[in-house]
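The values are calculated or read from the model by the stated rules, or taken from the named source; none is laboratory data. Since the model is a prediction, treat every value here as computed from it, not as a measurement. All Cβ positions, even for glycine, are placed from backbone atoms using ideal geometry, and neighbour counts span all protein chains on display. Remember, those area values only see protein heavy atoms, side chains included, never the ligands or the DNA or RNA. Shrake-Rupley method; radii C 1.70, N 1.55, O 1.52, S 1.80 Å.
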Amino acid sequence: MAKVTAKYVCTSCGYQSAKPLGRCPSCQAWNSFVEEATAGGTGKARMGGGYGGIVGGKLTPLSTVGRREEPRLPSGIPELDRVLGGGLVAGSVTLIGGEPGIGKSTLLLQVADRLATQGHSVLYVAGEESLEQIRLRADRLGVGAEIGLTRDTRAEHIAALMNEHKPALCIVDSIQTVTVDVEGAPGGVAQVREGTALLTRAAKETGTATVLVGHVTKEGTVAGPKVMEHIVDTTVFLETVGAFRLLRSVKNRFGQAGELGVFEMRGEGLVAVENPSAAFLAERPVGVPGSVVAATIDGQRPMLLEVQALAAKTPYPNPRRVVVGLDPRRVDVVLAVLERRLDLTLGGLDVYVNLAGGLKVPDPGLDLPVALAVYSAVVGRALPGNVAVFGEVGLAGEVRSTQGALRRAQEATRAGYHELIVPPGLEGREGVRSVEEAVGLVWRRPA
């Protein structure tokens, strides 16, 4: 008879321990361990002394495996399809996380409506809301297509519905409400892990594209065991940035991770922003010192953002350095380069640097825009209105090449910024080799 032992599992990240711990050594969460019973095998098997006569299965050489293009189902929302790599894949499982009220359920109900309107069968599992609440949201969003709803959150019953109706899309809102026939409260580590595994098997067997809504912790990660993110095929997060919602993929087995979709929340639901560069630059003041248009890449998406800088005489013994949306350490390096290589006096000035729009972009290619913005703010001269900038700055004041230079340049040109200040090596562009050269190039032109 198998011996039943106990282990303790962190509900935040899935870390396992033989005894309860006050603080998880993996994710640093406090009081997050719960007890979980496990049935151990025989001592002989655990020690590697034999496998009871079990014969291994057949191996398949890689060269004999055929190639197959996974069929995709367009969601009807181009920005979502971009993040997913072209649409929903039949039999795939996607996990979407985000803060409460950010618009996860709204977005998925819109997707369900688009697919149902095209004649596809859709199953919506409502674990957190009543069917009447979903109907109210559907009326507000103008959803008129026929969608199959259920409040049954037992994983075995959901799998049976998928097997019976073979829907093109199954939405489970949320995975933390799904229950399975194992010990533990709903939303616990064992329930979430086993529920995700069972629904994933059902999705593969029925060819149903399945989307699981996941709660997030205060740190911004999906609540539940980390193994859940390993089981699913795609993981995306919905986040708020100013007036916009950003949908970001962090894992995608059927496409490129790091893709970014931009939405705006309106009365009719989440509306895709087809030109994020124009949206983020819509309120940029023209002809103001300290404002620079920067060509950056967030994830895999090129876009134009405004870098703002302000320099003011400090009343304090130690000048302030305030940075919003950028890496403060990189900004400190750029300020040191300006003082040492260009003899720009910053010792008696408070310097404020901001990436307008609310985005946080850890891009080395924003170094040169920061340098020109700060220089512009200190000397009181604005950059020409048709100039876009990108490039990494080294400690010697040199301008280095950056990732995706060609895509940055193409995005800037598409948006109407034909004068580019870029690192050397970009085809068709002369490029600047130092910050000093970039400053001279900008202010030799007529303002």
Considering only residues of segment 303-333 that are more than 28 Å from the chain's Cα centre (by Cα), without any contact (Cβ under 8 Å) to a residue 60 or more places away in the chain and over 22 Å from L395 (Cα atoms), which is surrounded by the fewest Cβ atoms within 10 Å (Cβ to Cβ)?
-> P317
For segment 227-275, enumerate the residues that are more than 24 Å from V189 (Cα to Cα), assigned to a loop (DSSP other than H, G, I, E, B), touching a strand residue (DSSP E or B) at 6+ places or on another chain (Cβ under 6 Å) and not hydrophobic (A, V, I, L, M, F, W, C).
-> E259
For segment 276-302, enumerate the residues that are surrounded by 15 or more Cβ atoms within 10 Å (Cβ to Cβ) and outside any strand (DSSP E or B).
-> P276, S277, A279, F280, L281, R284, P289, G290, G299, Q300
Take segment 407-444 and flag every residue that is open to solvent by less than 10 Å² (accessible area, probe 1.4 Å) and without any contact (Cβ under 8 Å) to a residue 12 or more places away in the chain.
-> none
Members of segment 214-238 that are open to solvent by less than 20 Å² (accessible area, probe 1.4 Å), over 15 Å from the mean Cα position of the chain (by Cα) and modelled with pLDDT under 85 = G224, P225, M228
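Go through segment 51-80 residue by residue and tally those that are assigned to a helix (DSSP H, G or I), open to solvent by less than 80 Å² (accessible area, probe 1.4 Å) and of a type outside the set (A, V, I, L, M).
So the first thing to find is which residues in segment 51-80 are assigned to a helix (DSSP H, G or I), and the list is 62-64, 78-80.
Among the residues that remain, those that are also open to solvent by less than 80 Å² (accessible area, probe 1.4 Å) are: 79-80.
Still in the list and also of a type outside the set (A, V, I, L, M): 79.
Counting residues in segment 51-80 that are assigned to a helix (DSSP H, G or I), open to solvent by less than 80 Å² (accessible area, probe 1.4 Å) and of a type outside the set (A, V, I, L, M) gives 1.
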Might you check whether a residue that is under 29 Å from the mean Cα position of the chain (by Cα), in contact (Cβ under 8 Å) with a residue 60 or more places away in the chain and within 24 Å of F280 (Cβ to Cβ) occurs anywhere in segment 392-400?
-> yes
Being open to solvent by less than 40 Å² (accessible area, probe 1.4 Å), aromatic (F, W, Y) and touching a helix residue (DSSP H, G or I) at 6+ places or on another chain (Cβ under 8 Å) narrows it down to one of F254, F263, so name that one.
-> F263
Being among the charged types (D, E, K, R), closer than 11 Å to Y124 by Cβ and open to solvent by 70 Å² or more (accessible area, probe 1.4 Å), is that true of even one residue in segment 148-158?
-> yes
Can you work out which of the residues in segment 110-144 that are among the polar types (S, T, N, Q) and open to solvent by 20 Å² or more (accessible area, probe 1.4 Å) is farthest from V271 (Cα to Cα)?
-> S130
Number of positions in segment 179-194 that are within 28 Å of the chain's Cα centre (by Cα), in a loop (DSSP other than H, G, I, E, B) and on the phi < 0 side of the Ramachandran plot = 2
Do the conditions hold for L366, that is, is it without any contact (Cβ under 8 Å) to a residue 60 or more places away in the chain, closer than 20 Å to A278 by Cα and in a helix (DSSP H, G or I)?
-> no
Residue hits (segment 177-197; open to solvent by less than 30 Å² (accessible area, probe 1.4 Å) and more than 11 Å from A155 (Cα to Cα)) are G188, V189, A190
Count - residues of segment 95-122 that are touching a Gly at 6+ places or on another chain (Cβ under 6 Å), among the charged types (D, E, K, R) and touching a residue at least 60 places away in the same chain (Cβ under 8 Å) | 1
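Test of understanding: among V9, V55, which residue is in contact with a helix residue (DSSP H, G or I) (Cβ under 8 Å, 6 or more places away or on another chain) and either at pLDDT 65 or above or under 30 Å from G214 (Cα atoms) (or both)?
Going through V9, V55 in turn, just one is in contact with a helix residue (DSSP H, G or I) (Cβ under 8 Å, 6 or more places away or on another chain) and either at pLDDT 65 or above or under 30 Å from G214 (Cα atoms) (or both): V9.
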Here are some conditions: (1) in contact with a Leu (Cβ under 9 Å, 6 or more places away or on another chain); (2) under 26 Å from A203 (Cβ atoms); (3) modelled with pLDDT under 95. V122 meets all but one. Which one does it not meet?
-> (3)
Any idea which residue in segment 198-209 is surrounded by the most Cβ atoms within 10 Å (Cβ to Cβ), counting only those that are in contact with a helix residue (DSSP H, G or I) (Cβ under 6 Å, 6 or more places away or on another chain) and more than 11 Å from A155 (Cα to Cα)?
-> T208
When the residues of segment 346-360 are filtered to those that are open to solvent by 20 Å² or more (accessible area, probe 1.4 Å) and either touching a Leu at 6+ places or on another chain (Cβ under 7 Å) or without any contact (Cβ under 8 Å) to a residue 24 or more places away in the chain (or both), which remaining residue is nearest to F244 (Cα to Cα)?
-> G357
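Count, please, the residues in segment 379-421 that happen to be assigned to a helix (DSSP H, G or I) and farther than 19 Å from A278 by Cβ.
Residues of segment 379-421 assigned to a helix (DSSP H, G or I): 379, 405-414.
Filter once more, keeping what is farther than 19 Å from A278 by Cβ: 379, 405-406.
So the count comes out to 3.
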